[in-house]
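The values are calculated or read from the model by the stated rules, or taken from the named source; none is laboratory data. Because the structure is predicted, anything quoted here is derived from the model rather than measured. Here Cβ is always computed from backbone atoms with ideal geometry, including for glycine, and neighbour counts include all displayed protein chains.
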Amino acid sequence: MSKAIKLKDLYVGQLITRGEHEEAQVYTIGKIDHINVFLLWKEGTRNCQQWSDYSDCYLPTLKQIEYSIHQNGPLVSAADI
């Protein structure tokens, strides 16, 4: 089961999910602005991004990470930010 993350514990380069379901997309935090986080992820060869409220940020489980890589390709690393 995923664990919700408090705002004070979020940091740039951190991997998160936006839900607890096993088929979750794994995102990388690119920026933090007050209560908003800038999320980065890949869909195949496409680089995707969006701003979102920090609520519902969870630590990804190993199963979620494996699923995300298998379905969408590599994760965004801190070096990509």
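Quick notes on this structure:
- Verdict on Arg18 being more than 12 Å from the chain's Cα centre (by Cα) and not aliphatic (A, V, I, L, M): no
- Verdict on Gly73 being modelled with pLDDT under 95 and in contact with a strand residue (DSSP E or B) (Cβ under 7 Å, 6 or more places away or on another chain): yes
- Positions within the range 15-70 being among the small types (Gly, Ala, Ser), closer than 18 Å to Ala4 by Cα and part of a loop (DSSP other than H, G, I, E, B), in sequence order: Gly19, Ala24, Ser55
- In the range 3-56, the residues that are farther than 20 Å from Pro74 by Cα and touching a helix residue (DSSP H, G or I) at 6+ places or on another chain (Cβ under 7 Å): Ile35, Tyr54
- Scanning the range 71-81 for residues that are in a loop (DSSP other than H, G, I, E, B) and surrounded by fewer than 13 Cβ atoms within 10 Å (Cβ to Cβ), we see that the one that is nearest to the chain's Cα centre (by Cα) is Ser77.
- Of all residues in the range 18-59, those being under 15 Å from Gln71 (Cβ atoms) and in contact with a Ser or Thr (Cβ under 6 Å, 6 or more places away or on another chain) number 3.
- Residues of the range 26-70 satisfying the condition of being in contact with a strand residue (DSSP E or B) (Cβ under 9 Å, 6 or more places away or on another chain) and surrounded by fewer than 13 Cβ atoms within 10 Å (Cβ to Cβ): Asp33, Ile35, Asn36, Asn47, Gln50, Trp51, Asp53, Ser55
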